[in-house]
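Structure record follows, encoded as structure tokens.
Every read-out reported here was derived from the displayed coordinates using simple, explicitly stated rules and does not represent laboratory data. Every value quoted in this text rests on a predicted model; they were computed, and no experiment measured them. Neighbour counts run over all protein chains shown; Cβ positions are idealised from the backbone, glycine included.
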Amino acid sequence: MGRLGFGKSSKRGFFGLVLDLETGAIYDNVLERYLTFKEVAGVYFILSLYPETEDDVGECGELVSLLQIVSEHCLGYPLVRKNVEVFEELFSKDLQLLYKAAELLNYTRIDLGDAAIKVYALPRVLMVLTLWSGEEGIPP
């Protein structure tokens, strides 16, 4: 394993993307196309922050919802809330769609809620996506 958890090849794969270190191009396995200059700039910005973490703390075992991370006072909150609603609407119709959608992300199925996956956005950045349809008297 190379620096920061990546393999030692000339390509770095993460979250459905493949970065070619020789050309700088980034291929999106989900969209099946190379990213535009504007899209690549956003990915490079995220990657530039990744090595700043000095200590690898590992998995903390604590789940935090996306809406807990993004404060209601944050400018991006309405957009995040809308994206969560679309996610909920799409996958609540057929929970198995979560697993189908995650195939290109090298996911691990986990036993949590009604359907859940563990996927690494970067080698040491874990995300858990969980669908829970609620129980009688308890909304989802």
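Brief remarks on what is shown
- Taking N as its residue count, the alpha carbon Rg of the range 66-131 over 2.2 N^0.38 Å: 1.19
- With a cut-off of 11 Å between beta carbons, the residues surrounding L104 carry a summed charge of -2, where Lys and Arg count +1 and Asp and Glu -1.
- Remark on the range 3-52: hydrodynamic radius 11.3 angstrom, per the Kirkwood mean of 1/r across alpha carbon pairs.
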